[in-house]
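Below is one structure, written out as structure tokens; comments come after it.
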Amino acid sequence: MKSETAVWDFYAPVYNIFMRSNRKAYEQMYEKIRKVIAGKNVLEIAAGTGLISKNTASSAKSYIATDFSGKMLRQAGKGYVPDNLTFQREDASFLSFDDSTFDVVIIANALHVIPFPEKVLKEIDRVLKPEGVLIAPNFIHDNTQIVSGAMSKLLSAAGITFEAKWDENGYRGFLEENGWKVTYDERLKATIPLMYVQCGRASEAELRYETFDPFEKYYPRVNYKNWVPNGMIAAFCAGTGVLAAGAVGLSLAKSIKPAIRKPAAALLAVGAAGLGAAAAWSIFAHEKFSYKGDRKLSKQIVEGTAKHIRLPENGTGLDVGCGSGALTIACAKRNPGAKMVGIDRWGAEYASFNKELCEMNAEAEGAENVRFMQGNAVSLDFPDETFDAVTSNYVYHNISGVNKQELLLETLRVLKKGGTFAIHDIMSPGRYGDMQAFVEQLKEMGYEKADLIDTTGGLFMTKWEAAILGLSGSMLLTGVK
Ligand SMILES: C[S@@+](CC[C@H](N)C(=O)[O-])C[C@H]1O[C@@H](n2cnc3c(N)ncnc32)[C@H](O)[C@@H]1O
């Protein structure tokens with residue numbers, strides 16, 4: 001960072017003089033920005049000498065202008081500064097702000113001089129509210145124009161390196177490749193043409209390119225996915241559409257005898273209604289479970305279960321069927337002096353979960369005391385009494401053809417004497433048999449403590465929620481071996 005700031009520290013005193021040649025384009029830009037930020041909480045990245053912030057902040061609710069060059073910011077602090085404008089030193093790639101903090105983020109004429117602009121866009125995505133606006137005006141390098149071509153060569157010679165030289169389409173493409181949807185753009189005349197751009201987030205379906213993002217590897221974001229995957233929703237919606245289209249098509253196909261056509265169309269319509277209901281349910285459940293939704297049911301269940309896992313210093317716990325790693329990581333974070341191991345079958349039924357996802361989530365959560373490996377709950381590949389605690393959430397009900405109480409005993413087999421257990425699942429009598437008798441059996445086997453807690457009575461969810469989401473009978477089996 002030091003060598004990069006040095007160039008900007010050097011140019012800070014003369015930056016405004018240089019920018020005077022672009023005054024007209026900048027005035028037009030201020031006008032547009034003032035309208036967008038009216039009454040909003042704004043963050044500006046790479047704010048330089050405060051040209052934009054000082055000319056627009058008074059229409060915002062609050063405005064934080066940041067730059068990584070101290071000298072640029074010192075220059076910005078000179079002269080008139082609106083009351084609601086503050087300056088702060090920040091590296092655009094590692095912003096210190098919380099997720100979803102700002103209504104508007106502005107980054108002007110900076111993405112092309114930053115070595116890793118993709119990473120900066122990721123940080124913007126993190127600190128911007130879901131419906132927030134990104135304003136990212138940028139100079140456009142257009143070598144067909146003599147003045148702008150000569151100017152960019154002059155700047156390069158002066159030590160201001162352009163990491164990217166986008167033309168209009170190239171810049172739009174770059175933003176879209178990185179998950180942004182350009183909602184408005186306009187080319188403004190300046191020494192080097194200035195493209196004024198406003199963006200919102202592109203929905204996944206609108207992303208133009210399916211790209212492998214190398215930065216994901218180095219700057220991962222937490223993504224525990226969803227117990228109701230997007231693929232399931234898409235399949236139900238597509239099935240509904242196909243059956244509905246078939247029903248309409250058949251009812252219009254007058255060449256087919258009514259005696260065949262009518263009942264067949266009715267059958268397809270019933271099928272479409274059934275799949276439509278399944279689609280509506282899956283969308284509803286997806287939203288309830290989502291870590292990004294209002295209810296955050298998965299998070300509540302995972303954290304509520306993790307609370308019961310206490311590991312001794314240097315001890316090791318096991319999470320059976322760890323999925324995307326949420327419970328393993330939650331336990332690891334609650335027990336920083338110990339380790340957690342997460343195992344999963346990672347089969348086709350939960351195709352979005354895998355070991356790499358777990359590892360990425362652990363890295364993003366800063367949990368270094370975790371390890372993930374392939375394993376089968378039916379027959380764990382560990383000797384008896386290996387772990388100081390065992391846990392699991394909503395796993396065993398997925399495993400058909402195996403006695404659920406035997407599955408529990410297999411998990412408890414690898415637990416050390418004196419170790420804690422917290423196992424949450426849909427333990428309805430139809431699936432698990434008599435769980436009260438099982439608890440008594442554990443006590444007879446010498447377990448220090450064994451309790452069965454109904455989690456649908458308000459602890460994790462209400463009875464109503466459990467019924468709608470197909471989670472009735474959810475129980476937490478806890479205790480000490
Ligand atoms: C609903 S997800 C729960 C994931 C995770 N426990 C959580 O709370 O987010 C069910 C998980 O059970 C895993 N699973 C199913 N059968 C399994 C088996 N026989 N052995 C290990 N894991 C299994 C699936 O792969 C999936 O990750």
- Taking the stated definitions as given, is Tyr394 modelled with pLDDT under 95, closer than 17 Å to Val320 by Cα and within 16 Å of the ligand (Cβ to nearest atom)? no
- Task: Identify the residue in the stretch 372-398 that is without any contact (Cβ under 8 Å) to a residue 60 or more places away in the chain, among the hydrophobic types (A, V, I, L, M, F, W, C) and surrounded by 15 or more Cβ atoms within 10 Å (Cβ to Cβ) and, among all such residues, is nearest to Pro336 (Cα to Cα).
- Result: Phe372
- Counting only residues that are out of contact with any strand residue (DSSP E or B) (no Cβ under 9 Å at 6 or more places or on another chain) and of a type outside the set (Lys, Arg), which one in the stretch 42-79 is nearest to Lys119 (Cα to Cα)? Met72
- What are the residues in the stretch 151-169 that are over 12 Å from Phe139 (Cβ atoms) and either modelled with pLDDT of 70 or more or assigned to a loop (DSSP other than H, G, I, E, B) (or both), if any? Ala158, Gly159, Thr161, Glu163, Asn169
- the stretch 404-427 - residue that is more than 17 Å from Thr305 (Cβ to Cβ) and away from the ligand (no atom under 16 Å from the Cβ) and, of those, surrounded by the most Cβ atoms within 10 Å (Cβ to Cβ): Lys416
- Could you list, in sequence order, all residues of the stretch 105-134 that are closer than 30 Å to Tyr291 by Cβ, part of a loop (DSSP other than H, G, I, E, B) and touching a strand residue (DSSP E or B) at 6+ places or on another chain (Cβ under 8 Å)? Leu111
- Query: Going through the stretch 344-371 one residue at a time, which ones are more than 10 Å from the ligand (Cβ to nearest atom) and free of Cβ contacts under 8 Å to residues at least 40 places away in the same chain?
  - Reply: Lys355, Glu356, Glu359, Ala362, Gly366, Ala367, Glu368, Asn369, Arg371
- the stretch 96-119: number of residues that are crowded, with 22+ Cβ neighbours inside 10 Å and farther than 19 Å from Ile52 by Cα: 1
- Taking only the stretch 462-481 into account, find how many residues are more than 15 Å from Lys404 (Cα to Cα) and either in contact with a strand residue (DSSP E or B) (Cβ under 7 Å, 6 or more places away or on another chain) or of a type in the set (S, T, N, Q) (or both). 8
- Is there a residue being modelled with pLDDT of 90 or more and more than 28 Å from the chain's Cα centre (by Cα) anywhere in the stretch 176-186? yes
- Task: Test each condition in (1) among the small types (Gly, Ala, Ser); (2) surrounded by fewer than 16 Cβ atoms within 10 Å (Cβ to Cβ); (3) touching a Lys or Arg at 6+ places or on another chain (Cβ under 6 Å) for Ala367 and report the one that comes out false.
- Result: (2)
- Task: For the stretch 255-267, indicate whether the set of residues that are more than 16 Å from the ligand (Cβ to nearest atom) and within 30 Å of Phe372 (Cβ to Cβ) is non-empty.
- Result: no
- (1) out of contact with any Gly (no Cβ under 8 Å at 6 or more places or on another chain); (2) more than 30 Å from Thr456 (Cβ to Cβ); (3) more than 9 Å from the ligand (Cβ to nearest atom): which one isn't true of Gln374, the others all being true? (3)
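Listed residues Glu349, Glu356, Glu303; which is surrounded by fewer than 21 Cβ atoms within 10 Å (Cβ to Cβ), more than 20 Å from the chain's Cα centre (by Cα) and either at pLDDT 95 or above or assigned by TED's automatic domain parsing to the domain that holds Ala422 (or both)?
Going through Glu349, Glu356, Glu303 in turn, the sole match is Glu349.
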- Query: Quick one: which helices (runs of 4 or more DSSP H) sit completely within the stretch 214-293 and have at least 3 residues that are surrounded by 15 or more Cβ atoms within 10 Å (Cβ to Cβ) and not assigned by TED's automatic domain parsing to the domain that holds Ile468?
  - Reply: 230-252, 258-289
- Looking only at the stretch 310-322, and only at residues there that are within 13 Å of the ligand (Cβ to nearest atom) and part of a loop (DSSP other than H, G, I, E, B), the one that is surrounded by the most Cβ atoms within 10 Å (Cβ to Cβ): Cys322
- Considering residues of the stretch 428-466 that are of a type in the set (Gly, Ala, Ser) and surrounded by 13 or more Cβ atoms within 10 Å (Cβ to Cβ) only, the residue farthest from the chain's Cα centre (by Cα): Gly433
- The lone condition Gly401 fails out of (1) under 34 Å from the mean Cα position of the chain (by Cα); (2) within 13 Å of the ligand (Cβ to nearest atom) is (1)
- Return a yes/no flag: does the stretch 450-470 have any residue that is in contact with a Lys or Arg (Cβ under 9 Å, 6 or more places away or on another chain) and small (Gly, Ala, Ser). yes
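The values are calculated or read from the model by the stated rules, or taken from the named source; none is laboratory data. Note that the structure is a prediction, hence the values are computed from the model and not measured. Note that each Cβ is placed from the backbone with ideal geometry, even for glycine, and that neighbours are counted across all protein chains shown.
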